[in-house]
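Engineer: Right, I'll just put the structure down here and ask away after.
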Amino acid sequence: MTSSVKKQAVNRLRRVAGQIRGLEKMVGGNKYCVDILHQSLAVKQALSSFEDFILKNHLTTHVVQQIKSGKKSKAIKEIFSIYQLAKCK
């Protein structure tokens, strides 16, 4: 991972962590359930966006390199495992 990609990934995770702390405060503060659910869905979307970011980086760097270096089956195996995990959502 380049330092730029790493920095962006960490920033996204910090944003998600802040959202989760906000959720915790909302629950502790007896906020309206629908408002809590909206915030929870925002956290899920932020994590999904993070996953997309990391996957795109992996595909454009590691997978390309694996294919170029003759490790095509490893690349396929990794992509398929991610696909299987995503189906379980």
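Every read-out reported here was derived from the displayed coordinates using simple, explicitly stated rules and does not represent laboratory data. Note that this is a predicted model, so its numbers are computed, not measured. Every residue, glycine among them, receives a Cβ derived from its backbone with ideal geometry; neighbour counts consider all protein chains shown.
Engineer: For the chain, which helices (runs of 4 or more DSSP H) that fit wholly inside it have 1 or more residues that are among the hydroxyl-bearing types (Ser, Thr, Tyr)? Before the answer, list the steps.
Structural biologist: Working: elements: 3-28, 33-58, 64-68, 72-87.
Fully inside the chain and qualifying: 3-28, 33-58, 72-87.
Engineer: Still on this structure: Take the conditions in contact with a helix residue (DSSP H, G or I) (Cβ under 6 Å, 6 or more places away or on another chain) and either of a type in the set (A, V, I, L, M) or in contact (Cβ under 8 Å) with a residue 24 or more places away in the chain (or both) and apply them to Leu37. Does it pass?
Structural biologist: Values: in contact with a helix residue (DSSP H, G or I) (Cβ under 6 Å, 6 or more places away or on another chain): no; either of a type in the set (A, V, I, L, M) or in contact (Cβ under 8 Å) with a residue 24 or more places away in the chain (or both): yes.
So Leu37 fails the test.
Engineer: Further question on the same structure: Can you tell me which residues in segment 15-34 are out of contact with any helix residue (DSSP H, G or I) (no Cβ under 7 Å at 6 or more places or on another chain) and either under 27 Å from Val63 (Cα atoms) or surrounded by 13 or more Cβ atoms within 10 Å (Cβ to Cβ) (or both)?
Structural biologist: Quick first cut of segment 15-34, residues out of contact with any helix residue (DSSP H, G or I) (no Cβ under 7 Å at 6 or more places or on another chain) only: 17-18, 21, 24-25, 28-34.
Within segment 15-34, Lys31 is the sole residue that qualifies.
Engineer: Specify which of the listed residues (Lys74, Lys44) is in contact with a helix residue (DSSP H, G or I) (Cβ under 6 Å, 6 or more places away or on another chain), surrounded by 10 or more Cβ atoms within 10 Å (Cβ to Cβ) and of a type in the set (D, E, K, R).
Structural biologist: Checking each option against the conditions leaves just Lys74.
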